[in-house]
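Have a look at the structure below before the remarks.
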Amino acid sequence: MNGFETIAYEKDDSGVVRLTLQRPDVLNAVNLQMRDELWSAFEAFRDDPDARVLILRGAGRAFSAGADISEFGTTPSYVEARRARHERDLWGLLVHLPKPTVAAVHGHALGAGCEMSLLCDLRVASEDTQFGLPEVSLGYIPSAGGTQTLPRTIPPGVALSMILSGDPIDANEAYRLGLVHRVVPRDQLDSAADAWARTLTQRSPLALSSAKEAVLRGLDLSLADGLALEGRLAGILLESRSR
Ligand code: COA
């Protein structure tokens, strides 16, 4: 896909899409244009039957240093801003993609940068990564899902202390807490993410999407309802295999 300025979208023959945040001069800060372009890219990935796995990565020396601070306070109307967010739930689109997503994270993963990685299914980080949610120290709260995804990923008390303090943690601590699945040297980050993605392209797309739905939707259900959901999804899979 061409025509993007703040991101790059590349699909290879195996169906792996590499989506690269591409504002390296500002550490891939997420501005309004990047939000719009990410929206189009996530939709394109979701709707392309040949696109199997998404890798989200950052160009330059950081994954992303979060929302673009230079745009803070520039919104003409808060009502309009809230309406736009509601109509275009970018982070909901990412977390509900029915295909696997892998975040390949390095350098800084702060604010929305950290939150974007938490909205992906798998996270591999290079040893130099710092993860943090500094929004409260700026008078905001995380609003790319971080107050919900972080306590669902690491112990809630630790998540709360990260959100209240804004203090970042390093990659090894993130691994110890279960925030990332793998930590690798910086020069192996891309190959590690690629290898993971290629493995996933060998799996049945329907099995992957069903497993993802069972886990993510199940987190919001009682055990009984979650088991019922799992049973329904397993039934659909069995039926599709017997056709
Ligand atoms: N929004 C807009 N610009 C940002 C940015 C952000 N979130 N984060 C970094 N930048 C810009 C800097 O202004 C700087 O631009 P300049 O070269 O024109 O001055 C450039 O990116 C490089 O950042 P710099 O601060 O010089 O790099 P550093 O290595 O010294 O520090 C950070 C890196 C990540 C610690 C620091 O940039 C930082 O604290 N950024 C803000 C992080 C943040 O609060 N994010 C959450 C927003 S809710």
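The values are calculated or read from the model by the stated rules, or taken from the named source; none is laboratory data. Keep in mind that what you see is a predicted model, and the values were worked out from it rather than measured. Here the Cβ positions follow ideal geometry from the backbone for every residue, glycine too, while neighbour counts run over all protein chains shown. The protein model used for the area step is the full one, side chains on, heavy atoms only, and it has no ligands, DNA or RNA in it. Shrake-Rupley method; radii C 1.70, N 1.55, O 1.52, S 1.80 Å.
Side notes on the structure shown:
- Ratio Rg/Rh [Cα only; Rh per Kirkwood] for the stretch 7-201: 0.95
- In the context of the full set of protein chains, residues of the chain present 52 Å² of accessible surface per residue (probe radius 1.4 Å, heavy atoms only).
- Cα shape, the stretch 137-243, gyration tensor, a/c 1.5 rule: oblate
- Note on Asp220: accessible area approximately 110 square angstrom, rounded to 10, probe 1.4 Å, nucleic acids and ligands left out.
- Built amide H within the under 5 Å cut-off of Val183, gap 5+: Ala125
- Contact order normalised by residue count of the chain, Cα under 8 Å, 6+ apart, percent: 17
- Excluding the site residues themselves, the longest part of the chain lacking any GluC sites (Glu not before Pro) in a DSSP loop with at most 16 other Cβ atoms within 10 Å is 6-126.
- Helix-only arithmetic for the chain: the sum of -39500 (n - 2.57) across DSSP H runs with n ≥ 4, divided by the residue total, places the mean residue ellipticity at 222 nm at -14000 deg cm²/dmol.
- Cα-centred dipole magnitude for the chain, charges only on beta-carbon of K, R (+1) and D, E (-1), debye, nearest 20: 600
- 5 angstrom amide H check on Leu221, placed H, neighbours 5+ away: none
- Accessible surface of the chain, 1.4 Å probe, proportion on carbon and sulfur as whole %: 54
- Under the combined filter of DSSP loop state and at most 15 neighbouring Cβ atoms within 10 Å, the stretch 94-180 retains these chymotrypsin sites (Phe, Trp or Tyr not before Pro): Tyr140.
- For Leu119, the shell of other residues with beta-carbons less than 13 Å away shows a net charge of 0, using +1 for Lys and Arg and -1 for Asp and Glu.
- Per-residue surface analysis assigns Asp50 an accessible area of about 100 Å², computed on protein heavy atoms at 1.4 Å probe radius.
- Relative contact order for the stretch 128-243, counting Cα pairs under 8 Å that sit 6 or more residues apart, in percent: 20
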